[in-house]
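Each remark here refers to the structure printed beneath this line.
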């Protein structure tokens, strides 16, 4: 049975109202469009709400909160007047939930308030979740929304512990269960912290690659009015690839997102090489994958046999300088990255770096190069979720629900609302 709870008027006290007033009525969004946004980012913000009314930074915080939630949490933010009645809202949410699935839905309907919906939580649980979220939010509306996942998790933990300890004969088992739950929860939080640190390191590494391509483009002195069409076309492709890499860099939220950046960089470096060859009157080199040892070196020129310490020899792509180093028995110039405060070759940095390499080399080529080579944990990652996209989060109980305005859609107790 669907349960609802509208947050009471006490939330209006002290909460920041971020957004300026907007039209009193807005068109109801398509349930399919909302469901698509929730499935990809756990957040839907109506297109009529500008970033001036609700800043991008606030949106990113909600995306991160929804994606990191132990039990699924989804946020829907629409302008005031989007839903004209309880019936309209019910039909809309039924269609959205049918596409997205079980989870917690927090719908912020402008200044008309926040609606929490749940298919499994009792009214008393919802009330406790509300109180805890308000306390953690300390008067800030976005912080209160962000606190909802932790409040749900805490309430579920309390319910589980209460049920266990209520059975006297299973007291010892109850203690072990609670201890195990706390251990798992602590482990998950540590994992989340580790993943956030890895993402920051990967973004820094990828940013360096983008900057390096930009510097290469800037150093090329070219007068587009004095070159032929083929040279101009290759240079424009290089510039477009650089722009694509910069845009993709700004949208990185997970390690998997890095693949789009390095894929664009691989294109850009090849077209820069082709442009220089045409300007110098040299033959345009064939399209080859980047130098394996350091993709910043640009397209490779040949394949060489090479083995990492403790690994099996494999054929890898190499630029002229790295190929000469390997063939002469010296160490090539390997791309080094910071991992837990230590510098390591990027191919030995662990599963999180697999998408970085995959964008440069492609899945088929990476599988061929790494088969039989003991290189960190990247092989396992490429065969798992890191290269193939994010997995589904842990599915927990709870579709949060609420009463639109405490019985009347626009009135009664409310969240304090956003004026949009």
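Observations on the structure shown:
- Positions within the range 66-91 being closer than 30 Å to residue 189 by Cα and touching a strand residue (DSSP E or B) at 6+ places or on another chain (Cβ under 7 Å), in sequence order: 66, 71, 72, 73, 74, 75, 76, 77
- Pairs with Cβ under 7 Å, 6+ apart, first in the range 316-336 and within 17 Å of residue 209 (Cβ to Cβ), second in a helix (DSSP H, G or I): 319/297; 322/297; 333/321; 333/322; 335/295; 335/296; 335/346
- Residue 235, sole failed condition from (1) part of a helix (DSSP H, G or I); (2) surrounded by fewer than 22 Cβ atoms within 10 Å (Cβ to Cβ): (2)
- For residue 39, the criteria (1) surrounded by fewer than 21 Cβ atoms within 10 Å (Cβ to Cβ); (2) more than 30 Å from residue 187 (Cα to Cα); (3) in contact (Cβ under 8 Å) with a residue 60 or more places away in the chain hold in every case but one, which is (2).
- In the range 36-58, the residues that are outside any loop (DSSP other than H, G, I, E, B) and under 16 Å from residue 254 (Cβ atoms): 39, 40, 41, 43
- Test result for residue 305, within 25 Å of residue 194 (Cα to Cα) and not in a helix (DSSP H, G or I): no
- Some residue of the range 223-231 being surrounded by 14 or more Cβ atoms within 10 Å (Cβ to Cβ) and part of a helix (DSSP H, G or I): yes
- Some residue of the range 291-302 being over 19 Å from residue 217 (Cβ atoms), outside any loop (DSSP other than H, G, I, E, B) and in contact (Cβ under 8 Å) with a residue 12 or more places away in the chain: yes
We did not get these values from a lab; they are worked out from the coordinates using the rules stated. In this text the structure is predicted, and so the values were computed from the model without any measurement. Here the Cβ is made from the backbone with ideal geometry for all residues, glycine too, and neighbour counts use every protein chain on show.
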